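Visitor: I have a structure here, written as structure tokens, and I will follow up with some questions on it.
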Amino acid sequence: MLETNSIVDIRATVVQTIHINSAVSIITLDCPAIAAVAKPGNFVNVKVNDATLPLLRRPFSIHNVRGGLIDIMVKSIGHGTSLFCDTETGSTVLVLGPLGNCFDITSREFSTAILVSGGIGTAPMLFLERTLAAKGTPVINFIGGRTKEELLARDLSNCLFATDDGSAGYRGTVIELLESEMTGLEKKGTLKVFACGPNPMLKALAGFCREHHLACDVSLESVMGCGIGICYGCSVEVKSPDGGLRSILLCQEGPVIDAELLAV
Ligand SMILES: Cc1cc2nc3c(=O)[nH]c(=O)nc-3n(C[C@H](O)[C@H](O)[C@H](O)COP(=O)(O)OP(=O)(O)OC[C@H]3O[C@@H](n4cnc5c(N)ncnc54)[C@H](O)[C@@H]3O)c2cc1C
């Protein structure tokens, strides 16, 4: 659940913008107050310019933390993200965060972390990988995309790739790739899966993890407005204990949830 006492709303300077391909940029923001308390899986809600439109902020995972800096990996899919991808060094943006909960890397024992991501869902994995590595936990990345241009593995280590068109790595989905590696993975002790990507991928992964008795945290996406539980814009349906469905606000009870809440 959100720890509201550490949330700040600050005007942050853009210290670097790197275009890593035609649609994706990494924006580095000088945000010591957020960097000091952020955890892997948290997100920030950014007003991408000072104009009236786009009116609402846009949510982005924290891609990495480096001292007082935070990196955001942004894929241009619409008005707000295309403006943010082209943000110039030296300009400033309003940043609210850190928001949301985080990947649970402490409550249950596991010896190897399996990080499964697809497309821009790879964004939160660098911060997670670095945090796990600092604890001495081995990490294996399974990264999927439609084509090799969509694989966003920059700076990640120990990566296996899957592409729909076979242009890099395994031809097929990242879950099929994971399945093909399970015999070897099961020899690595207790596994825990951490995932982020398109919601249909996460739903399929939830079913896979249930079948294989694997603990799994998934970071979901939804359209989001305020990021702090006021606008009710990010309502998503998950399984309720009685077997039916219940609505949660992703900004309050997520974006990370136990995959069991998605498994069918
Ligand atoms: C918790 C969280 C973390 C996120 N982390 C990242 C990240 O690290 N990097 C990143 O690039 N993106 C991330 N996103 C998605 C990002 O917030 C959206 O792509 C962005 O808000 C779209 O804004 P826009 O103005 O460009 O799109 P708009 O012009 O508003 O919309 C363009 C199209 O995209 C659709 N759309 C809008 N928001 C979303 C969404 N959240 N998911 C899917 N489709 C959407 C719209 O319905 C529309 O069809 C995250 C979203 C959430 C909820």
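Laboratory data are not the source of any read-out in this text; all were calculated from the coordinates shown. Keep in mind that this is a model prediction, so the values were computed, not measured. As a convention, Cβ positions derive from the backbone with ideal geometry for all residues, glycine included, and neighbour counts pool all protein chains shown.
Visitor: Once you measure Cβ to Cβ distances between cysteines in the chain, which Cys have no partner under 4.7 Å?
Guide: So far as the 4.7 Å Cβ criterion goes, Cys31, Cys85, Cys102, Cys159, Cys196, Cys234, Cys251 stand without a partner in the chain.
Visitor: Please report the antiparallel percentage of the DSSP beta bridges confined to the chain, to the nearest 5. Could the numbers behind the result be given before it?
Guide: On the way: 38 of 62 bridges.
Antiparallel bridges: around 60 percent, rounded to the nearest 5.
Visitor: Working from Cα positions, state the angle (0 to 90°, nearest 10) between the long axis of helix 199-211 and the longest principal axis of the chain.
Guide: 30 degrees
Visitor: Here is a follow-up. GNM on the chain, C-alpha springs below 10 Å: top fluctuator among Thr17, Thr173, Thr89?
Guide: Ranking Thr17, Thr173, Thr89 by mean-square fluctuation puts Thr89 first.
Visitor: On to the next question. If I take every Cα pair under 8 Å that is 6 or more residues apart in the chain, average their sequence separation and divide by the length, what percent do I get for the relative contact order?
Guide: Working: 625 pairs, mean separation 46.4, N = 264.
About 18 percent, as a whole number.
Visitor: Can you give the relative contact order of segment 4-99 as a percent, counting alpha carbon pairs under 8 Å and 6+ residues apart? Intermediate values should be presented prior to the final figure.
Guide: On the way: 227 pairs, mean separation 39.8, N = 96.
Rounded, it is 42 percent for segment 4-99.
Visitor: Can you sort Ile70, Ile230 by how many other beta carbons sit within 10 Å, fewest first? If you can, show how the numbers build up before the last one.
Guide: Numbers: Ile70 27, Ile230 10.
Neighbour counts put them in this order, fewest first: Ile230, Ile70.
Visitor: Within segment 26-89, which chymotrypsin sites (Phe, Trp or Tyr not before Pro) sit in a loop by DSSP and count at most 14 neighbouring Cβ atoms inside 10 Å? Kindly include the intermediate steps, with their values, before the conclusion.
Guide: Values: sites: Phe43, Phe60, Phe84; in loops: none.
Nothing satisfies the criteria.
Visitor: Next up: Based only on other Cβ atoms within 10 Å, what is the fewest-to-most ordering of Asp217, Asp165? Don't skip to the end; give the middle numbers.
Guide: Numbers: Asp217 21, Asp165 11.
Final ranking by Cβ density, sparse to dense: Asp165, Asp217.
Visitor: Under the rule of -39500 (n - 2.57) per DSSP H run of 4 or more residues, summed and divided by the residues of the chain, what mean residue ellipticity at 222 nm is obtained, to the nearest 500 deg cm²/dmol? It would help to have the intermediate numbers written out before the result.
Guide: Numbers: 6 runs with 50 residues, N = 264.
After summing the helix terms and dividing by residue count, I get -5000 deg cm²/dmol.
Visitor: Could you go through segment 7-21 in sequence order and give the Karplus-derived ³J(HN,Hα) for each residue, using 6.51 cos²θ - 1.76 cosθ + 1.60 with θ = phi - 60°, rounded to whole Hz, and x for Gly and Pro?
Guide: Per-residue couplings from phi come out as 7, 10, 10, 10, 8, 10, 7, 7, 9, 7, 10, 10, 8, 8, 7 Hz.
Visitor: Select from segment 97-145 those chymotrypsin sites (Phe, Trp or Tyr not before Pro) which occupy a DSSP coil region and have at most 14 other Cβ atoms within 10 Å, ordered by residue number. Mind dumping the intermediate values first?
Guide: Numbers: sites: Phe103, Phe110, Phe127, Phe142; in loops: Phe103, Phe110.
Answer by residue number: there is no such site.
Visitor: Just to be sure I understand: with springs between alpha-carbon atoms less than 10 Å apart, which residue in Ala134, Ala38, Ala51 has the highest mean-square fluctuation in the Gaussian network model of the chain?
Guide: Answer for the Gaussian network model of the chain: Ala51.
Visitor: For segment 99-195, which trypsin sites (Lys or Arg not before Pro) are both in a DSSP coil and crowded by at most 16 other Cβ atoms within 10 Å? Walk me through the numbers on the way to the answer.
Guide: Values: sites: Arg108, Arg130, Lys135, Arg146, Lys148, Arg154, Arg171, Lys187, Lys188, Lys192; in loops: Arg108, Lys135, Arg146, Arg154.
Of the trypsin sites (Lys or Arg not before Pro), the ones in loops of segment 99-195 whose Cβ has at most 16 other Cβ atoms within 10 Å are Arg108, Lys135, Arg146, Arg154.
Visitor: Continuing with the same structure: Mind telling me which of Gly68, Gly145, Gly78 comes out most flexible in a GNM of the chain, alpha-carbon contacts under 10 Å?
Guide: Gly78
Visitor: Dipole of segment 135-184, Cα-centred, from +1 at each Lys and Arg C-beta and -1 at each Asp and Glu C-beta, to the nearest 20 debye?
Guide: 180 debye
Visitor: May I ask you to sort Thr81, Thr147 by Cβ crowding, counting other Cβ atoms within 10 Å and putting the fewest first?
Guide: Values: Thr81 20, Thr147 12.
The most exposed by this proxy come first: Thr147, Thr81.
Visitor: Is the chain best put as rounded, prolate or oblate by its Cα gyration tensor, with a ≥ b ≥ c the root eigenvalues, rounded for a/c under 1.5, and otherwise prolate when a/b is larger than b/c, oblate when not? Mind dumping the intermediate values first?
Guide: Numbers: a/c = 1.61, a/b = 1.34, b/c = 1.20.
Prolate.
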